[in-house]
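Only one structure is covered here, and it is reproduced in the block below.
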Amino acid sequence: MRSLTLISPAVPDLRPDPRRVSDPRMLLALLPLVGKRARAELAALTPRARADAVVRLCFGDPGLAPEHRMAEAAAEIAARGAQEWAREAVQLTGRGMVAGWLRGESLWSVAARVRTPTLVLWGDRDRLVAPRLARRTVATLPNARLLMLPGVGHVAQIETPVTVARAVAGLWGAVDAGTWEDPG
């Protein structure tokens, strides 16, 4: 691999922060007794309400999501939710991620072994993966640089596609020219 670009990478962060979920009931859904009611309430949300919640969580400026894309997202959520395996897949995935973190399976130790020239892009309004983790992420990756994007949320590639494309092209150009230096 010649280079790696990470956009708001999902690095582990076990600090509880209800702002990192699109709906606080998602946290309650994990609990044994209260969870049943929370899961029922979440299941009753319309696909459009779910799409709106995801955009509010992921975009630094939710107004950037055009109406036609919101309608498409709602239709996709409805189609996926109609699959018989959908609910179980979501539950097992969430539980598996949390269980892995609690067992100490750390992406941090894996990241420390990545020597590939790496560009890390992060929006300073990312609510899903805290921007405070950006510097730690870059410090953990032995050959990485950070580009912090002001006013941007979790989906920089959608919110600022030209900026992201230019940054990635700059990474490729530096790697090709041999000017991307490994600080280690």
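Values in this text are rule-based calculations from the coordinates and carry no lab data. Computed from a predicted structure; not experimentally measured. Neighbour counts run over all protein chains shown; Cβ positions are idealised from the backbone, glycine included.
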Among Pro142, Pro47, Pro150, which one shows the biggest mean-square fluctuation in a GNM of the chain, springs joining Cα atoms closer than 10 Å?
Pro150
For the stretch 41-100, what value does the Rg/Rh ratio take when both radii are computed over Cα atoms and Rh is the Kirkwood radius, given to two decimals?
1.03
log₁₀ of I(q)/I(0) at q = 0.17, 0.24 Å⁻¹ - the stretch 108-184, Debye sum with one point per alpha carbon:
-0.68, -1.15
Per residue of the chain, what 222 nm ellipticity follows from adding -39500 (n - 2.57) for every DSSP H run with n ≥ 4, rounded to the nearest 500?
-15000 deg cm²/dmol
Neighbour counts of other C-beta atoms within 10 Å: give me Val11, Val138, Val152 arranged from fewest to most.
Val11, Val138, Val152
Hey, got a sec? Which GluC sites (Glu not before Pro) in the stretch 86-184 land in a DSSP loop and have at most 15 other Cβ atoms within 10 Å?
Glu105, Glu181
Compute the helix-to-body angle for 161-177: its Cα long axis versus the longest principal axis of the chain, expressed 0 to 90° and rounded to tens.
40 degrees
Output the 0 to 90 degree angle, nearest 10, between the alpha-carbon long axis of helix 47-58 and the longest principal axis computed from the alpha carbons of the chain.
30 degrees
Give me, ordered by chain and number, the residues 5 or more places off Leu147 or on other chains with an amide H under 5 Å from its own placed amide H.
Val120, Leu121, Trp122
To make sure I understand, if each residue's beta carbon is the centre and we count other beta carbons within 10 Å, what order do Ser8, Ser3, Ser109 fall in, fewest to most?
Ser109, Ser3, Ser8
Mind ranking 127-134, 62-69 by how tightly packed they are, going by the mean number of other C-beta atoms within 10 angstrom, highest first?
127-134, 62-69
What are the semi-axes of the equivalent ellipsoid for the chain, taken as the square roots of 5 times the Cα gyration tensor eigenvalues, largest first, in whole Å?
33, 21, 14
Kindly put Trp172, Trp108 in sequence by how many other C-beta atoms sit within 10 Å of each C-beta, fewest to most.
Trp108, Trp172
